[in-house]
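The values are calculated or read from the model by the stated rules, or taken from the named source; none is laboratory data. Everything quoted here is computed from the prediction, not taken from an experiment. Note that each Cβ is placed from the backbone with ideal geometry, even for glycine, and that neighbours are counted across all protein chains shown. Keep in mind that these areas ignore ligands, DNA and RNA; they rest on the heavy atoms of the full protein, side chains included. Shrake-Rupley method; radii C 1.70, N 1.55, O 1.52, S 1.80 Å.
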Amino acid sequence: MESDQELVRRTLSGGNHHYGVLIQRYADYLFGLCMRLTTGNRDLSEDISQQSFLKSYRYLTSFDQKKSYKHWLTGITVNCFKDMLLKEQRYTSLELVEESAHSPDLDGNSEFFDLIKPLTEDEKILFTLKYIYEYQNNEIAELLDRKTGTVKSQISRAMEKLK
Amino acid sequence: MKSFETIIEQEKKVNYSQRNKQLFSFYTLTLIAQEQAAKRVRRKLLISASVLSMVLLLVLDKSNQLSAPINQFLSHHLATINPIGLMDIALMAMASYAMTGLLLFMTKNHKISRLLPRLK
């Protein structure tokens with residue numbers, strides 16, 4: 001099996017089909033992450049994971065091949081999720097009108113979604129990365145471009161909310 | 001009620017999977033190809049526009065030199081033509097308006113259509 005770095009290198013040298021292998025490799029991982037962040041919205045999760053792959057391809061030249069592609073992709077996905085939230089906020093007034101006609105296709109472990117319900121979207125990201133994907137505080141800090149101390153205190157604040 | 005740790009452990013075991021991974025991959029690659037094609041077209045348009053503007057600038061610059069004798073000739077001959085007075089312009093305008101009015105009148109009364117067979 002080819003490594004992620006090798007596939008990235010081959011994609012950059014003009015072989016788009018190699019990127020297809022990367023997509024297939026991480027499609028479920030990203031989809032799972034998005035499902036957890038969107039608390040089970042399947043359509044939105046598919047949209048965000050697709051946007052993440054597109055963005056990842058667009059900025060593939062800036063990817064540091066010494067680092068993990070999976071971590072880099074996770075950072076991109078979190079940013080895409082945040083962008084989507086901003087977009088959603090922008091159109092909230094419009095959506096409220098049609099709220100009754102639209103109900104998202106929710107799926108997955110409802111107990112977990114209920115558990116993280118009291119958290120803000122940002123706290124959901126931190127909590128999911130820390131407790132489901134077992135990222136270290138410093139790794140999360142690197143992904144989200146924050147200080148490790150800030151991440152640590154934000155996670156403990158989220159935990160306080162859940163107690 | 002389940003404990004926090006149990007819910008987390010349960011969630012870790014859940015495997016979320018795309019409805020159709022092959023189709024998802026294919027569609028994403030198609031979007032990438034589309035984006036690349038659009039970028040290529042934009043780049044080509046930008047190059048063409050810059051080349052065209054450079055050529056135009058060159059042509060305009062050269063045309064000034066090429067048209068110098070013509071300009072000289074025209075300015076010489078125009079200077080010899082008698083200056084047209086305001087009265088002449090007013091007369092010409094009146095004549096053209098009169099002609100237009102007459103034609104409109106004839107069209108309304110179908111006189112032109114009657115003239116047509118005779119023209120044949």
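Table: residues versus (1) small (Gly, Ala, Ser); (2) at pLDDT below 90; (3) part of a helix (DSSP H, G or I).
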{"site": "A:Met1", "(1), (2), (3)": "no, yes, no"}
{"site": "A:Gly14", "(1), (2), (3)": "yes, yes, no"}
{"site": "A:His18", "(1), (2), (3)": "no, no, yes"}
{"site": "A:Ile23", "(1), (2), (3)": "no, no, yes"}
{"site": "A:Ala27", "(1), (2), (3)": "yes, no, yes"}
{"site": "A:Lys70", "(1), (2), (3)": "no, no, yes"}
{"site": "A:Leu73", "(1), (2), (3)": "no, no, yes"}
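Among the conditions (1) in a loop (DSSP other than H, G, I, E, B); (2) surrounded by 10 or more Cβ atoms within 10 Å (Cβ to Cβ); (3) in contact with a Lys or Arg (Cβ under 9 Å, 6 or more places away or on another chain), B:Glu35 misses just one, which is (1). Inside region A:18-69, residues that are open to solvent by 10 Å² or more (accessible area, probe 1.4 Å), farther than 14 Å from B:Gln18 by Cβ and touching a Phe, Trp or Tyr at 6+ places or on another chain (Cβ under 7 Å) make up a count of 3. Summed over region B:1-25, residues that are in a helix (DSSP H, G or I), more than 8 Å from chain A (Cβ to nearest Cβ) and not hydroxyl-bearing (Ser, Thr, Tyr) total 4.
Mind telling me which of the residues A:Leu37, A:Leu54 ends up being within 10 Å of chain B (Cβ to nearest Cβ), among the hydrophobic types (A, V, I, L, M, F, W, C) and at negative phi? Steps first, answer last, please.
On the way: A:Leu37 fails: within 10 Å of chain B (Cβ to nearest Cβ).
Within the list A:Leu37, A:Leu54, the selection yields A:Leu54.
Of all the residues that make up region B:6-58, how many are of a type in the set (Val, Ile, Thr) and more than 44 Å from the chain's Cα centre (by Cα)? Step through it out loud before you land on a result.
The first filter runs over region B:6-58 and keeps only residues of a type in the set (Val, Ile, Thr), leaving B:6-8, B:14, B:28, B:30, B:32, B:41, B:47, B:51, B:55.
Still in the list and also more than 44 Å from the chain's Cα centre (by Cα): B:6-8, B:14.
Going through region B:6-58 one residue at a time, the tally reaches 4.
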